[in-house]
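What follows is calculated from the coordinates using simple rules that are stated; it is not laboratory data. As the structure is a computational prediction, the values presented were derived from the model and not from experiment. Note that each Cβ is placed from the backbone with ideal geometry, even for glycine, and that neighbours are counted across all protein chains shown.
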Amino acid sequence: MIGATATATEMQNNFGKYLNMVINGDEVIVTKNGKEIGRFIPKDTAVSYLTDSLTGILKGNYDLEQEKDAKLREKYEIVD
């Protein structure tokens, strides 16, 4: 779940606050000059995404780009 959006400066100045959010399972979107530059996410979320991707690749049963886009939209609650 997305917990907050923070500028790079806010992240630097309040790292402990955002670290606690991630420890509690939230994700933090990091921006610079109004553009998303990264996400600070819990380890389990990252491991889950990588595992899901590798499992599908090894099975060879889907279009990688299409599945990657769908999984990212689902996991990160991206809405068109």
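When Lys and Arg each count +1 and Asp and Glu each count -1, what net charge do the other residues less than 12 Å away from Thr5, Cβ to Cβ, add up to?
-1
Going by average Cβ neighbours within 10 Å, how do the peptides 19-28, 66-75 rank, with the highest at the top?
Output ranking for 19-28, 66-75: 19-28, 66-75.
Taking the Cβ of Val22 as the center, what net charge do the other residues with Cβ under 12 Å away carry, scoring Lys and Arg +1 and Asp and Glu -1?
0
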